[in-house]
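Structure first, commentary second.
The values are calculated or read from the model by the stated rules, or taken from the named source; none is laboratory data. Predicted, not measured: the structure shown is a model, and the values here were computed from it. FYI the Cβ positions are ideal-geometry reconstructions off the backbone, even for glycines, and counts take in every protein chain you see. Note: accessible area is taken over every heavy atom of the protein model, side chains too, but ligands, DNA and RNA are not part of it. Shrake-Rupley method; radii C 1.70, N 1.55, O 1.52, S 1.80 Å.
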Amino acid sequence: MWEFSLNIKTENFAIASLLYNALSKSINQMQGVITSNEENGYISILVAVDKANKDRAKLLITSCIIEIICKSFKSTFLDNYLIFPRQDKIGMLAFKKALLNFDRETDKYIIKKNLELKHDLFLESFYQFKLRPLQEKWAELVSLSNENSDYLISSDSFIDLLKFLVDNLDICEDEISVVKEGEVYKIFTIENVQYQNKTFSEEMIVSSVIDLSPSKINLYFKETSGAINLLEKIFEERITVNNSGAKIYTKDKIYKS
């Protein structure tokens, strides 16, 4: 058997839960064992698989660690050091999401390069001591933004920067469709499958689309709002507004613009 222990400080219980949930299904499919316990200020996620599945398990654990650092750790870093532009909440959430995803592939490369899975890993220690280059990279991005915070008070300047960041994100989805149902929005992928079975509020729709970074966005509604106006400004030519009776067919419902 190959055994591995991933240790997270108890104060980061939410991160430990995300990691455990992300790992459990795949480890069980490998006929492996995954458990967790709390002791001496740490939550330990214990994984054991047959040696034949060692490489698969290591790839899975590596992927989950990279994802949690790129999302949760970077999000906390931005909250701690970024001077957010004086914009409305929709704009600030969009700005943070764009920075969170900016140069993401390089972030992943730095983490993977420094990550070595032996018998155990203490996540916060790995982040603090092995990922200094990653934190320095994030600090440069934050510093550049903070130095221009006064300039970003202007709505036009803010949108220009946001558009620049969005234009330089890696494409994650070829095409998505956004529909409005009552006061909330739904996002469908190119296969017309609802994205994570979620609905998105006015505040969250722009940042959620940025997270997907699609090359094409279909809008299936006529109403305009501050969020949709911002979405159209930062994605511009990627957006198609279907306002002449166009329909989107899903397995549950037909949406008509």
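Summed over the stretch 111-131, the residues that are open to solvent by 80 Å² or more (accessible area, probe 1.4 Å), assigned to a helix (DSSP H, G or I) and either in contact (Cβ under 8 Å) with a residue 24 or more places away in the chain or of a type outside the set (S, T, N, Q) (or both) give a count of 4.
Here is a yes/no grid of residues against (1) under 19 Å from the mean Cα position of the chain (by Cα); (2) farther than 22 Å from residue 212 by Cα; (3) open to solvent by less than 80 Å² (accessible area, probe 1.4 Å):
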site: 138; (1), (2), (3): yes, no, yes
site: 141; (1), (2), (3): yes, no, yes
site: 155; (1), (2), (3): no, yes, yes
site: 159; (1), (2), (3): no, no, yes
site: 164; (1), (2), (3): yes, no, no
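Kindly establish whether residue 113 is within 16 Å of the chain's Cα centre (by Cα) and either among the aromatic types (Phe, Trp, Tyr) or within 30 Å of residue 145 (Cβ to Cβ) (or both). When the stated conditions are applied, residue 113 does not pass them.
Within the stretch 161-198, the set of residues being polar (S, T, N, Q) and free of Cβ contacts under 8 Å to residues at least 60 places away in the same chain comprises 189, 192, 194, 196, 197. Which residues, counting only those in the stretch 23-78, are surrounded by fewer than 20 Cβ atoms within 10 Å (Cβ to Cβ), part of a helix (DSSP H, G or I) and in contact with a strand residue (DSSP E or B) (Cβ under 6 Å, 6 or more places away or on another chain)? Within the stretch 23-78, 24, 51, 54 meet the criteria.
Looking only at the stretch 36-58, residues that are of a type outside the set (Gly, Ala, Ser), within 26 Å of the chain's Cα centre (by Cα) and within 15 Å of residue 120 (Cα to Cα) come to 6 in all.
Starting from residues that are among the aliphatic types (A, V, I, L, M) and free of Cβ contacts under 8 Å to residues at least 24 places away in the same chain, keep the ones in the stretch 15-35 and report whichever is nearest to residue 124 (Cα to Cα). Filtering first and then ranking leaves 34.
A count restricted to the stretch 192-230 and to residues that are in contact with a strand residue (DSSP E or B) (Cβ under 6 Å, 6 or more places away or on another chain), closer than 13 Å to residue 172 by Cβ, crowded, with 20+ Cβ neighbours inside 10 Å and not polar (S, T, N, Q) stands at 2.
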